Structures are given as C-alpha cells and as structure tokens.
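A.B. asks: After the structure tokens below, expect a handful of questions from me.
The values are calculated or read from the model by the stated rules, or taken from the named source; none is laboratory data. If you're wondering where the values come from, they're calculated on a predicted model, not measured in any experiment. Don't worry about glycine lacking a Cβ; one is built from the backbone with ideal geometry, like all the others, and counts go over all protein chains shown.
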Amino acid sequence: MRRSHFPVIALGAIGIVLAAYACISSDSGVAGTLGALLALLGAAAVTAGSVIAAFTLFEGGLFGLLAFLIGLAAVLTALAGFFLMQYGLAAVMALAFVGLLVAVLRPARHRRPI
Amino acid sequence: MPYAFRPLIAALCLATPAAAEQLRWDTFNGDLAATKFADVDSFTPENVSELERAWEVHTGDVSDGSGDLPETVWSATPIYANQTLYLGTPFYRILALDPATGAERWSYDSQSTLEALTQPALKNRGVAYWESGQTGPCEKRVYIGTMDAELHAVDADTGELCADFAQGGVLNVNQWNTVNDIFPFSLLQPPTVVGDTLMLGWAGNDWAYSVAPPGNLMAIDARTGALKWDLSFIPDVLIPVTGTANIWTSMSADPELGLVYVPVSSPSPNYWGGNRTDPIPLATSVTAVDVETGEVRWSQQIVRHDIWDYDTPSAATLVDIERDGQTIPALVQTTKMGFIFVLNRETGEPIFPIEDRAVPASDAEGEVASPTQPFVLTPPPTNDPFEMPAVWWLADAVSFGQCSREREQYRYEGIYTPPSVQGTFMYPGTAGANNWGGASVDPRTGILYINSMRIVQIIRLIPRAEYDQINGGSGNEAGFYPQEGAPYGIELTNWWTDLGLPCWKPPYGTFSAYDLSTGERLYEVPFGLSQQWGFYGLSDWGSPTLGGPVVTAGGVVFIGASMDARVRALDAATGAELWSDLVEAPSVAIPAVYTHEGVDYVVFVAGGNSILKAQVSDQVVAYRLGQP
C-alpha cells in the first residue's frame, strides 16, 4: 500500500463531486454539456488511477506509466475546470497533480506493499 | 412641528430634484423612438454590482424540440404599462404579472397551433399595449400574435377577449394572405402601436421558395381590428415572380411627424435574384410611411438587389442630434452588414455620407448582381466591410491547416461578394452584425450603444439537379435550403473546423459606443463569452450576440444577448463589465427597465435561441438594488 497516494484519492473524490455538480446543476452554467461530462470522467480517472497506484504492487516502468496517466488526467481536468469556469474543480485537480508529484517523488522506502 | 417651519420644509422638498423614473416601458423597444433609454438614475457604475434578484418566474412555455413540440425561441421584451408587467410566451399566451413580485395576475391562452408553420421554431417577441385614454372594459388592451396569424386583443385588466375587436377579439390576419399564398403568415413580432393604429407585419417561410407572398405593412384599427390601409413593398409587375420583402421585426415612429419607420426585408428567393433583376427599391430598406394614409414619404434602400438576406433587422432609433450648431431630427438604422445609416428622419437625407462603391459581379446562372452598393463609413461600421477576419492560427493548427486551405478555396472579395457555386465567404453571416436588438441611445448625449457579432459563414449555390440528389427534393435539413423555383438550392454553414472551432480570428462579438454628433467611435470592446460544449472562450474573444442593450440615465447599460447565458451591466462610459448573473439560457430579448411603486427594476427574459446555441428556458428574472 502506498499511503502517500491517499491525498490524491481524496482530492480525486472531491473532484468527482464537484464535476458531478457541474454536470447536473442548472446553476453551473455547463449542466448537461459534453465538457462537464469530460471533466467528470477526468476526475473519475484521477481517482481510479490513484486507487490503483495506492493498492497495487506496480513498480518500475508500469508504475511510471500509471503515474504519468494520472498526472495527465489531473492536468487536463484542471484545464477543463478552468474553461468550464468551475474554478473549484480546477483548483482541486491542480492540487491532485501536486499531490501526485509529491507521492511519486518521495523516497522508495516510504512505499510498502500491502 | 412648529407651524412656521412647514412652508420652509415644503420649499426644501420642492427644491430637491425629483428622482428620475421610468413609468412606462410599453413597446418592444421601450418607447416608440426605439431609444431603449431608461430615465432612471438609481443604477450607477458605483452601485450596480449590488443588484439582487427581486423575483424569478418560470412560465412553463418551453420546448427543447426533443418531444412533440418544436423548439422554442423566446425574444419577448416585457412590457410595463398599467402598473402591470405583460409578457408573450412562445406558446402564444399572455401573462400579466405583478411588477414587484412576479405573481401572476391573469393569463390568456390564444390556443394557437403549436406547429412550426413558417419558421423552424415556436417564436415569440412579446405583446403590444394600447390604451384609449378612456375608462372601462377594453379601454386598455394587450395584443398577441400567433403562429397561425391570428391577432388577439384582450382587456389589460382582466385578460378577457375584447369582443369589439374583429371577430370576438380575434383578427384573422391570414384572410389577407391572398397573393402567392404558398405558406401562411405568422405573427411572431407584436404590432407597433402608433396612436390608435396597430402597425403590423408578418413572418414567412424563409429560403424555401422563389415565389412567396409579397410583404406588406398593414394598419389596423386598434379598437375594431378593421384594416385602415396596407402597403406592399414589391412592385405589382414583379409579384408573379417573387415575394416577401416583408416586415418581420419591430418598427419605430415619430407621432409628431406622423411617420412610421419601416424596416423592410429582402425579396425572395434570398440568395439568388435572377427572377427579380428589375429594381425593387423598397426591398431591404428603411422606409418612412405616413401613419394616416400609408403613403411612402421617403425610403433609403440599404442593399440593392439583395442576394445575401441582409434584411433590415431592427427598428430604427430616433434621436435628435446636435451637429454644426443645429438640432437635426435623426434616424439611426443599424444593419446586418454593420453599416450604421444616420439619416434625417423628416426627409431621409443622409446626415453622414452614403457612398456608392463598386462591388463584385456574380457568376451564377441568370444572376445580375448590382454593380454598386451603398457604403457608410462614418460612423465606422461595426464590422470591416472590406476584409473578413483572418484565419485563426489555433483553429488552423488543430485542424492541420483546414482553415487555410478553405480560405483559399472559397470566393471572397469584400462584403458584397455574391453567392456562388464555388462557395462564397459571407461576412457578416446571415444573422448579421446586428439583428433585432438594434441599438440604444442616450438622447441627452447623442451617444449610441450597439452590440455586434462577427460570424463568417460559407454560402454555396447548389445547381437544382445536384440539390435534388443531395436532398431528396425536400428542404430544411441542417444547412440545406431549397429556394424552390430557382435554379439553385443553397447550403449555408458556419466556417468551422471539423472539431467545431471557428476558423476565423476572434473576437466573435463586440460592444461599441458612437458619438452621433461627430460620427466618431468612442470605444469598441469584446463583449460576452463564447461557449462550445460547455467550455468558455477567453474574455478577449467575445461572443456572438442576439438581442439589444438598454442604457440608463445613471450611466449603466443592461444587456443579455451573449451565448454564455449571462445578463450583464456595463459602464456606458467605457463598455467595461460591472456586474453579471448567470441565467438559464441566453437572454436574447431586450431587457425592460421600469419604476414601480418607487423602486427601479430591470427584467430579463432568458429564452434562448438556437442561432447562438441549443439551450432554451422559460425564465424571467427581475433585479433591483439591494435593500440598504
């Protein structure tokens, strides 16, 4: 288990809630749009990727690829949030990206298998 | 209070300037001069950010087109008169609301057919109001037109039909649709009330036929519904081969001069004129008509031999301007082309020069495009008539050069490049630089305010045989229109990449102010936010707009119009945004400003319009300044 990924999971989950709100609330200005749906999928991808990263034994290149994809999803979702004027979502996804960097760059001794 | 002080107190009260009030907003454009000026000074650049929602209403009359009903398009200016707020809905109902709370006082259902008989949507631009000056039932009336061309007159206090109007309160306007009657009339724009006369035009089925009903202006007795006179805009000799040149938008009037100013649209078919090469001088014009007799006093054609559907889209704005030490009764006609015609409204003489300039010839079969067109370069046009916007590098990059290739592929030689088989860039697009919202003006300063859009479209003439194969012989699929009877159908599309990005450089919409005494543009700023798939554009990109501005005495402009479904307050001095609020759909109606029981309100209708984006609503929102 890599506990250092837990903050990213939590931020991803908050992102899902915010993106879901944007998708369905008429107050968001983007309800029912393709962009809001993409943002929801992006937040879900960040969360799911982080769960996989935290609870599996991926190492080396495979882990690197997974981390890259999570990071890419977080950045793109943050950008989507910005252009959807969902600034809370954009900020949460930016934090998730920072959290991912911290988790990945921490020394390996802090990573323990389950 | 000591008795001796009372006269002093009274004198002080009288010496205090009375707060400006807007006690009526009783036409589509606020007043008959179409100034869209509200004489309220309570809204200022300093305090307008404190606006709060006073009330909100959903009428229930909305359709996104996914069910049995066509989509709704709602551009109704609320009417404030008789201490009541009146609204027409796209289901052709009238609502009478309490102006302070939005509570419904009464409603009237015209029972109109809810089929798209002419236009592709259920459209409504509101109601008209008339009062006789006497008291009693039906001495104050509200009128609504319907999709099937009935004009209903109801009592403004009760919503009951006025039995003395036409047939039990309902006038069948389609009874006068007897020439080239291939489609019924639709009454989507409320009549313009001038004295005791209703000035009435109608909407038809655009882009479908070569031969169509000839457009006319009907003068209807407001009390009885009797036809006083009507005026056709197509010469009799040409009626067998063409039609329309109708009046589908609002009008303005100067009761002192006894003139109504009529924005006349283009003849049919809209994008090929080989059937009508003889002059039709009143088509695509602003024409001054005597209210009493229906005689044409003067007319200014703004497009000769219109083959771009550049209808005259809005009521001319009437204002007196100071120029060279003289006060001139002026008329300002905004246009789809972006030209701003400023004329003497008494004589029709131009106040700023109108230049005849050579324009490109047509290469279409049978077409004889006018060799010249009128250009107005002062005031500066809202859109460049000589050069369309350049290719946008971002769209070009993500489309791997699609935009650059198409820029070379299609014909463009300035604003009046004729439609062609090769394909022609049309800039401004068919919805125009400016549309039914027109402009607003502050009559105290002679400063004009106008929103405009910058859309590039591609129009392609399709030879009949090819069109019939593409289209199976039927029209109105997205982008394709038949122009039956002409040698060409058409395809009309926005110049977009395959991913839906505009190929041309932003901004897509602007807001400008002009000093009418000098013709100088005071500022031009991007306005609104564009939106695609939910993603907003940057503020520098602006937004296409439909609907118009209202300027207030306090120096604030209120406007919806943008595709991002926000209503805004702008600083009239700079165009800077001071306040905005998200509503449920683009507010493509002109807002209304009124003073009710001493409180100033601005009310927006958020109905949406598919020209901007597929988002509709039935929302009405009124705002007032927050309670101290």
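A.B. asks: In the stretch B:506-541, which residue that is buried (at least 21 other Cβ atoms within 10 Å of the Cβ), polar (S, T, N, Q) and within 13 Å of chain A (Cβ to nearest Cβ) is farthest from the chain's Cα centre (by Cα)?
C.D. replies: The qualifying residue farthest from the chain's Cα centre (by Cα) is B:Gln531.
A.B. asks: Are any residues in the stretch B:561-573 more than 14 Å from every other protein chain (Cβ to nearest Cβ), under 23 Å from A:Gly29 (Cβ atoms) and either of a type in the set (S, T, N, Q) or out of contact with any Asp or Glu (no Cβ under 7 Å at 6 or more places or on another chain) (or both), and if so, which ones?
C.D. replies: Within the stretch B:561-573, B:Ala561, B:Ala569 qualify.
A.B. asks: In the stretch B:578-611, how many are under 19 Å from the mean Cα position of the chain (by Cα) and either acidic (Asp, Glu) or within 14 Å of chain A (Cβ to nearest Cβ) (or both)?
C.D. replies: 5
A.B. asks: Can you pull out the residues in the stretch A:25-50 that are under 21 Å from B:Gly500 (Cα atoms) and either touching a residue at least 24 places away in the same chain (Cβ under 8 Å) or outside any helix (DSSP H, G or I) (or both)?
C.D. replies: Scanning the stretch A:25-50 gives A:Gly29, A:Val30, A:Ala31, A:Gly32, A:Thr33, A:Gly35, A:Ala36, A:Leu38, A:Ala39.
A.B. asks: Condition first: modelled with pLDDT of 95 or more and among the β-branched types (Val, Ile, Thr). Now tell me which residues in the stretch B:190-225 satisfy that.
C.D. replies: B:Thr192, B:Val193, B:Val194, B:Thr197, B:Ile220, B:Thr224 - these are the residues of the stretch B:190-225 that are modelled with pLDDT of 95 or more and among the β-branched types (Val, Ile, Thr).
A.B. asks: Check off (1) of a type in the set (A, V, I, L, M, F, W, C); (2) assigned to a loop (DSSP other than H, G, I, E, B); (3) more than 27 Å from B:Ile182 (Cα to Cα) for B:Trp436 and give me the number that stays unchecked.
C.D. replies: Evaluating B:Trp436 over (1) of a type in the set (A, V, I, L, M, F, W, C); (2) assigned to a loop (DSSP other than H, G, I, E, B); (3) more than 27 Å from B:Ile182 (Cα to Cα) leaves (3) as the failure.
A.B. asks: Any residue that is farther than 15 Å from A:Ile16 by Cβ and under 13 Å from the mean Cα position of the chain (by Cα) - is there at least one of those in the stretch A:78-87?
C.D. replies: Checking the stretch A:78-87: at least one residue is farther than 15 Å from A:Ile16 by Cβ and under 13 Å from the mean Cα position of the chain (by Cα).
A.B. asks: Here's a follow-up. For the stretch B:109-129, enumerate the residues that are assigned to a strand (DSSP E or B) and surrounded by fewer than 23 Cβ atoms within 10 Å (Cβ to Cβ).
C.D. replies: B:Asp109, B:Tyr129
A.B. asks: Strands (runs of 3 or more DSSP E) wholly in the stretch B:158-237 with at least 1 residues that are not β-branched (Val, Ile, Thr) - which ones?
C.D. replies: Those strands (runs of 3 or more DSSP E) span B:170-172, B:197-200, B:216-221, B:227-232.
A.B. asks: Considering (1) in contact with a Gly (Cβ under 9 Å, 6 or more places away or on another chain); (2) part of a helix (DSSP H, G or I); (3) not aromatic (Phe, Trp, Tyr), say which one A:Ile16 fails and leave the rest.
C.D. replies: (1)
A.B. asks: Checking the structure you have, find out if any residue of the stretch B:518-535 is touching a residue at least 24 places away in the same chain (Cβ under 8 Å), more than 28 Å from B:Ala390 (Cβ to Cβ) and not polar (S, T, N, Q).
C.D. replies: no
A.B. asks: Just one of B:Ser610, B:Ser617 is of a type outside the set (Val, Ile, Thr), assigned to a loop (DSSP other than H, G, I, E, B) and buried (at least 19 other Cβ atoms within 10 Å of the Cβ); which is it?
C.D. replies: Going through B:Ser610, B:Ser617 in turn, just one is of a type outside the set (Val, Ile, Thr), assigned to a loop (DSSP other than H, G, I, E, B) and buried (at least 19 other Cβ atoms within 10 Å of the Cβ): B:Ser617.
A.B. asks: Yes or no: B:Val588 over 27 Å from B:Ile455 (Cα atoms), of a type in the set (Val, Ile, Thr) and either surrounded by 24 or more Cβ atoms within 10 Å (Cβ to Cβ) or free of Cβ contacts under 8 Å to residues at least 40 places away in the same chain (or both)?
C.D. replies: no
A.B. asks: If B:Pro263 passes every condition in (1) outside any loop (DSSP other than H, G, I, E, B); (2) over 23 Å from B:Thr545 (Cβ atoms) but one, which one does it miss?
C.D. replies: Checking B:Pro263 against (1) outside any loop (DSSP other than H, G, I, E, B); (2) over 23 Å from B:Thr545 (Cβ atoms), the one that fails is (2).
A.B. asks: Right, another one. Does B:Val319 count as under 22 Å from B:Phe37 (Cβ atoms) and either part of a loop (DSSP other than H, G, I, E, B) or under 16 Å from the mean Cα position of the chain (by Cα) (or both)?
C.D. replies: Against the criterion (under 22 Å from B:Phe37 (Cβ atoms) and either part of a loop (DSSP other than H, G, I, E, B) or under 16 Å from the mean Cα position of the chain (by Cα) (or both)), B:Val319 does not qualify.
A.B. asks: Can we say A:Ala54 is in contact (Cβ under 8 Å) with a residue 24 or more places away in the chain, within 14 Å of another protein chain (Cβ to nearest Cβ) and more than 10 Å from the chain's Cα centre (by Cα)?
C.D. replies: no
A.B. asks: Among the listed residues A:Thr33, A:Thr47, which satisfies the condition of being surrounded by 21 or more Cβ atoms within 10 Å (Cβ to Cβ), within 14 Å of another protein chain (Cβ to nearest Cβ) and closer than 30 Å to B:Leu582 by Cβ?
C.D. replies: After ruling out the rest, the residue left standing is A:Thr33.
A.B. asks: Checking A:Met85 against (1) on the phi > 0 side of the Ramachandran plot; (2) modelled with pLDDT under 95: exactly one of these is not met. Which one?
C.D. replies: Looking at each condition in turn, A:Met85 falls short on (2).
A.B. asks: Tell me, yes or no, whether the stretch B:443-457 has at least one residue that is charged (D, E, K, R) and in a strand (DSSP E or B).
C.D. replies: Within the stretch B:443-457 (the criterion being charged (D, E, K, R) and in a strand (DSSP E or B)), the answer is no, since none of the residues qualifies.
A.B. asks: I need a count of the residues in the stretch B:479-516 that are of a type in the set (S, T, N, Q), more than 30 Å from B:Val551 (Cα to Cα) and assigned to a strand (DSSP E or B).
C.D. replies: The qualifying residues number 2.
A.B. asks: Further question: Could you tell me whether the stretch B:199-220 includes any residue that is aliphatic (A, V, I, L, M), in contact with a Leu (Cβ under 6 Å, 6 or more places away or on another chain) and over 22 Å from B:Tyr108 (Cβ atoms)?
C.D. replies: yes
A.B. asks: Which of the numbered conditions does A:Ala39 fail, given that it passes all the others? Conditions: (1) within 11 Å of chain B (Cβ to nearest Cβ); (2) closer than 21 Å to B:Asp581 by Cβ.
C.D. replies: (2)
A.B. asks: Quick test for you: out of A:Leu95, A:Leu89, A:Leu79, pick the one residue that is within 14 Å of chain B (Cβ to nearest Cβ) and crowded, with 17+ Cβ neighbours inside 10 Å.
C.D. replies: None of the others qualify; the one that does is A:Leu89.
A.B. asks: Is it true that B:Asp64 is modelled with pLDDT under 95, under 26 Å from the mean Cα position of the chain (by Cα) and under 30 Å from B:Ala121 (Cβ atoms)?
C.D. replies: Yes; evaluated as a whole, the condition is true for this residue.
Table: residues versus (1) modelled with pLDDT under 95; (2) of a type in the set (S, T, N, Q); (3) closer than 30 Å to B:Leu501 by Cβ.
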site	(1), (2), (3)
B:Asp356	no, no, no
B:Phe375	no, no, no
B:Thr382	no, yes, yes
B:Pro385	no, no, yes
B:Ile415	no, no, yes
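A.B. asks: Looking at B:Ser440, B:Ser452, B:Ser404, B:Ser420 in this structure, which one is farther than 30 Å from B:Thr518 by Cα, surrounded by 18 or more Cβ atoms within 10 Å (Cβ to Cβ), of a type outside the set (Asp, Glu) and modelled with pLDDT of 95 or more?
C.D. replies: B:Ser420
A.B. asks: May I ask you to say which residue of B:Arg141, B:Arg125 is in contact (Cβ under 8 Å) with a residue 40 or more places away in the chain and within 23 Å of B:Val621 (Cα to Cα)?
C.D. replies: Just a single option satisfies the conditions, and that option is B:Arg125.
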